[in-house]
Number of protein chains: 4
Amino acid sequence: MAYSGEPILAEDLLFRPAHSLIDQSLHSRLGATTTNGDGFGVGWYGEGAEPAVFKSTEPAWNDRNLREVAGQVRTPMLLAHVRASTGTPVQRSNCHPFRHGRWLWMHNGAIRGFHETRRELLMAVDPALFADIEGSTDSEALFFLALTFGLADDPFGAVARAVGFVEDVGRAHGVGDPVQMTVATTDGDSLWIFRYSSERQSRSLFFSTEIATLRALHPEVEILHALGGEARFVVSEPLRDLEGAWNEVPESSAGVVRPGKDEIRPFEPIRPA
Amino acid sequence: MAYSGEPILAEDLLFRPAHSLIDQSLHSRLGATTTNGDGFGVGWYGEGAEPAVFKSTEPAWNDRNLREVAGQVRTPMLLAHVRASTGTPVQRSNCHPFRHGRWLWMHNGAIRGFHETRRELLMAVDPALFADIEGSTDSEALFFLALTFGLADDPFGAVARAVGFVEDVGRAHGVGDPVQMTVATTDGDSLWIFRYSSERQSRSLFFSTEIATLRALHPEVEILHALGGEARFVVSEPLRDLEGAWNEVPESSAGVVRPGKDEIRPFEPIRPA
Amino acid sequence: MAYSGEPILAEDLLFRPAHSLIDQSLHSRLGATTTNGDGFGVGWYGEGAEPAVFKSTEPAWNDRNLREVAGQVRTPMLLAHVRASTGTPVQRSNCHPFRHGRWLWMHNGAIRGFHETRRELLMAVDPALFADIEGSTDSEALFFLALTFGLADDPFGAVARAVGFVEDVGRAHGVGDPVQMTVATTDGDSLWIFRYSSERQSRSLFFSTEIATLRALHPEVEILHALGGEARFVVSEPLRDLEGAWNEVPESSAGVVRPGKDEIRPFEPIRPA
Amino acid sequence: MAYSGEPILAEDLLFRPAHSLIDQSLHSRLGATTTNGDGFGVGWYGEGAEPAVFKSTEPAWNDRNLREVAGQVRTPMLLAHVRASTGTPVQRSNCHPFRHGRWLWMHNGAIRGFHETRRELLMAVDPALFADIEGSTDSEALFFLALTFGLADDPFGAVARAVGFVEDVGRAHGVGDPVQMTVATTDGDSLWIFRYSSERQSRSLFFSTEIATLRALHPEVEILHALGGEARFVVSEPLRDLEGAWNEVPESSAGVVRPGKDEIRPFEPIRPA
């Protein structure tokens, strides 16, 4: 789940489902009925130049410290993730969101055949960045490839090149459809989202309707009046049963949420020359 | 889940579902699709006078140490539990099974109104035993009441008196149906089981058919030939879809599994004089 | 360690020893050279009516989440504690500081003979408060006795009565010197401190000199200019080697740090009538 | 600490210092007075083809599960390690001993400049082995280089070539003395030990005198009669103050402990061709 908008108390986003747009589903995503949570993480922007990241292998719903901290944190940008491991160890360094400088990154999906292609993918990471890789996941590898291909300068292009490279290497190793992904990444000001898979049947991704529109549609829903006009959510499943609230990100698309006009555009991997 | 019978490798019981009677459901109980695991625990008998207990708040499926240890432990009696907290903290001392001397105890269900009655219930625990209470759960309190009422001498009677006392106190505090329980408890040689609730609509409890009978019914199922003739399982839900394998413990009943003849009998709380 | 004064970033107090009055010793207290850290905890006041508490059984120095959070928290009152267990389990609910309403409490020392007197001490806790006891330590029991004896109305008197009661019960159980303590407790506005032991040889406790005085004494020390004029520290050992910075709390004394005039006075237990 | 000899209960090695040759120092190594334990691990050989490994980031002294398990495990070969991180994350996958097939490996010391040389060192690991690297430590990298250079066939030679390679790469990156190490590695039957550093001032390493000799020297020491004749310990510091019990492994040496005759020989890195 990603939130962008006016500063909001993290607790309201994560733990007040009855009163928030996130509602029961997030409540379950964070643990009440989680299917095998293999760790969770929350990243946000506050004091200092870089975002803070609270990650743990404990089920989110049982993490008392998370609850304590969430009640103390106000942020204009928040990324929250529940991990479903695709094989690599369950440890804090393998939980999302991953951080590099001001950037946060989270990924749902997998790089198929990663056990075999991992070495080659890691070798393509900029040597100056390599030492900053902390864990052993495909998600973090993809992040560092995106950084290598220029995420800080051209997020859309960098991710397209990273995916193109991963598909290339995967197919060379006999993997037909190497990439399945939804990605959310941010520098604290804008939020870029991606929905793509090699097989063109990607995991779901939704973004919320503008709050002003929703308020008009549903004047009775309290939380909509508590949220600011810039509030935008990006989620894996349409959460609360609120008509008109959720819009599917189209298959093979990318988008950006930022103050003012947001944007969605088609996404196509860029193969290595 | 409780196992009694010839010594068996813990790993075969807990982590080899494809090959064992426990199968997919236990696999899920331990975490693959767990609904809110709030800790797990495994107790077994091996070296030394007292049973060993491995408990943790980590999801069982992700606990690498549990897997490592399970592959090294052979035991004739094993209790495994996944906790669903009814409010008290998720910490190792609140995970089942609880231990006292040679006794292990696990409980699914709840003592309703425990937050209000806890003080009175704890005060009824034998002062000599009180200091051994490590956690803050209703389940552990019930165990120590059973110990107080003579679990080591007369398990059926002790549990009946403990339940009768808890119901008495609960009703005095305005709780109509104070007790919901399935309990498995053992001294390492015999395994006592209980299914009861104040409202007479108790959580489910099943025991397995004699292995010899099952082998005759299902000669093709490999694991049945790997299990000894004394093997007996007691579980919350009928696990593997094997016809004739599971028998429901009747409503308001108790039973004992031991070498030779097992027994099931009606269970009725004994009210304090 | 307790801090009271102008709002300060928790990270500066806990993790910037080279730049803060806390210095190397706190660095070690939190783990670099800790003698058997059995958990740590940090409590602070920010959003909302009640303080937040971040506690863990992980060694503080290795807790990445603590570091992340400390960089995001500004507070006018902070309590930090490293636990040395006197027997009860190492679990989050047994870490200090303990919280009740707006109150935080931490205690170094022990109630001797607690294993034997625990039941009697717990029974003296106000039944309305009893259910809020989460852990199993002597420190938390002492806190709840202080609450029972009126901590919120008269902290000096309440603690004196609590200590007097504990000594009474201890001696009845054959324990000559039941209480060894330094205590720091706060409601977010004022900070009360206590140094006492039944044997009148109490663990050490120090408070810092007024910042204005220290600045005059040591104009070259940078951090003194970063701290506000109301800044006051209370610590177990004189930390940084800064002459004139630390003042010992006298044997059998209590004190209060608050905006304006602080106070120190003799402390004597009040025996039950 | 490494033990090789007749099967012994792990608990006696790890937790009965008063009664064992390990004594107070191990007691402290495991946590009572640990200087910054960043995780611990225990590896042993029992059921099944591969050794079991119990590792955790919790301080060893507080790990209740370790105590429970240690009382249930008998093994003829045991490696126990307390980690002092040299920068990489504190997580289970970065704790020693590391395992590959039947091999266990633990290392005290560091590869200096690892942050810069890590990429090059990892690239030299046999691609078929690369995917088995779970963590991010220098110690695990050294292990996998030793495996690459033929640890399973010629342990002395493989480690010499691995160290020679690491020194070569280090010096190319401007690191004068890249390697500081004591290493213990085993396949379950024999135990190879190494003491070396580029600067020829290596961390200490000791092995115990033959038990028969010790018994003659110290007939009053009980534990010596409980240990078998083949019992041999290898430790970082001479533990118990027992005259004649400990022998220093010479600077730049390697050795092997196995049934029958043990051996010590000089150790010299083998530079890449």
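Against the list (1) at pLDDT 90 or above; (2) closer than 26 Å to D:GLU167 by Cβ, the condition D:ASN247 fails is (2).
Mind listing whichever residues of region B:83-92 are of a type in the set (Val, Ile, Thr) and modelled with pLDDT under 85?
B:THR86
Scanning region A:102-116 turns up no residue that is among the charged types (D, E, K, R) and either free of Cβ contacts under 8 Å to residues at least 24 places away in the same chain or open to solvent by less than 10 Å² (accessible area, probe 1.4 Å) (or both). Looking only at region D:211-233, residues that are open to solvent by 20 Å² or more (accessible area, probe 1.4 Å) and out of contact with any strand residue (DSSP E or B) (no Cβ under 8 Å at 6 or more places or on another chain) come to 12 in all.
In summary, A:VAL90 fulfils each of the numbered conditions (1) aliphatic (A, V, I, L, M); (2) under 25 Å from A:VAL159 (Cα atoms); (3) assigned to a loop (DSSP other than H, G, I, E, B) with the single exception of condition (2).
When region C:203-251 is filtered for residues that are of a type in the set (A, V, I, L, M) and within 23 Å of C:HIS107 (Cβ to Cβ), the ones remaining, listed by number, are C:LEU205, C:VAL234, C:VAL235, C:LEU239, C:VAL249.
The residue of region A:238-263 that is least open to solvent (accessible area, probe 1.4 Å), among those that are in contact (Cβ under 8 Å) with a residue 24 or more places away in the chain, assigned to a strand (DSSP E or B) and farther than 17 Å from A:LEU79 by Cβ, is A:SER253.
Please determine whether any residue of region B:108-115 is within 12 Å of chain C (Cβ to nearest Cβ) and not in a loop (DSSP other than H, G, I, E, B). Scanning region B:108-115, I find at least one residue that is within 12 Å of chain C (Cβ to nearest Cβ) and not in a loop (DSSP other than H, G, I, E, B), so the answer is yes. Among the residues of region C:13-29, just one is within 14 Å of another protein chain (Cβ to nearest Cβ), at pLDDT 50 or above and over 13 Å from C:ALA80 (Cα atoms), namely C:ARG16. Of the residues making up region D:120-154, those that are in contact with a helix residue (DSSP H, G or I) (Cβ under 8 Å, 6 or more places away or on another chain), free of Cβ contacts under 8 Å to residues at least 12 places away in the same chain and surrounded by fewer than 19 Cβ atoms within 10 Å (Cβ to Cβ) are D:MET123, D:PRO127, D:ALA131, D:GLY150.
If you go through region B:220-237 and keep only what is part of a loop (DSSP other than H, G, I, E, B) and free of Cβ contacts under 8 Å to residues at least 40 places away in the same chain, you end up with B:GLU220, B:VAL221.
A quick yes/no check of all residues on (1) within 14 Å of chain B (Cβ to nearest Cβ); (2) within 23 Å of B:PRO89 (Cα to Cα); (3) of a type in the set (Ser, Thr, Tyr):
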{"site": "C:PHE130", "(1), (2), (3)": "yes, yes, no"}
{"site": "C:PHE143", "(1), (2), (3)": "no, yes, no"}
{"site": "C:ALA152", "(1), (2), (3)": "no, no, no"}
{"site": "C:MET181", "(1), (2), (3)": "no, no, no"}
{"site": "C:ARG195", "(1), (2), (3)": "no, no, no"}
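Of all residues in region D:160-203, which are open to solvent by 40 Å² or more (accessible area, probe 1.4 Å) and touching an Asp or Glu at 6+ places or on another chain (Cβ under 7 Å)? Across region D:160-203, the qualifying residues are D:HIS173, D:ASP177, D:GLU199, D:ARG200. The set of residues from region B:45-78 being open to solvent by 10 Å² or more (accessible area, probe 1.4 Å), away from chain A (no Cβ under 12 Å) and either part of a strand (DSSP E or B) or in contact with a Leu (Cβ under 6 Å, 6 or more places away or on another chain) (or both) comprises B:LYS55, B:ARG74, B:PRO76. Are any residues in region D:81-107 among the small types (Gly, Ala, Ser) and either within 14 Å of chain A (Cβ to nearest Cβ) or in contact with a helix residue (DSSP H, G or I) (Cβ under 6 Å, 6 or more places away or on another chain) (or both), and if so, which ones? Passing the criteria: D:SER85, D:GLY87, D:SER93. Among the candidates A:GLY170, A:GLY229, A:GLY174, the residue that is at pLDDT below 90, of a type in the set (Gly, Ala, Ser) and over 20 Å from the mean Cα position of the chain (by Cα) is uniquely A:GLY229. I'd like to check something: does region D:171-191 contain any residue that is part of a helix (DSSP H, G or I), touching a Phe, Trp or Tyr at 6+ places or on another chain (Cβ under 8 Å) and under 30 Å from A:HIS115 (Cβ atoms)? Scanning region D:171-191 turns up no residue that is part of a helix (DSSP H, G or I), touching a Phe, Trp or Tyr at 6+ places or on another chain (Cβ under 8 Å) and under 30 Å from A:HIS115 (Cβ atoms).
Say we look at region A:116-162 and pick out the residues that are assigned to a loop (DSSP other than H, G, I, E, B) and of a type in the set (Ser, Thr, Tyr); which of these is farthest from A:ARG203 (Cα to Cα)? Among those that are assigned to a loop (DSSP other than H, G, I, E, B) and of a type in the set (Ser, Thr, Tyr), it is A:SER136.
With respect to the conditions (1) at pLDDT 95 or above; (2) touching an Asp or Glu at 6+ places or on another chain (Cβ under 9 Å); (3) crowded, with 23+ Cβ neighbours inside 10 Å, D:CYS95 falls short on a single one, namely (1). Closer than 19 Å to B:VAL69 by Cα and out of contact with any Leu (no Cβ under 6 Å at 6 or more places or on another chain): does that describe D:GLY87? When the stated conditions are applied, D:GLY87 does not pass them. Residues that are in contact with a Phe, Trp or Tyr (Cβ under 6 Å, 6 or more places away or on another chain) and of a type in the set (S, T, N, Q) within region A:49-83 comprise A:ASN65, A:THR75, listed in sequence order.
The values are calculated or read from the model by the stated rules, or taken from the named source; none is laboratory data. What you see is a predicted model; the values in this text were computed from it and never measured. Glycine also receives a Cβ, built like all others from the backbone with ideal geometry; neighbour counts cover every protein chain displayed. Just so you know, the surface numbers come from the protein's heavy atoms only, side chains and all, with ligands and any DNA or RNA stripped out. Shrake-Rupley method; radii C 1.70, N 1.55, O 1.52, S 1.80 Å.
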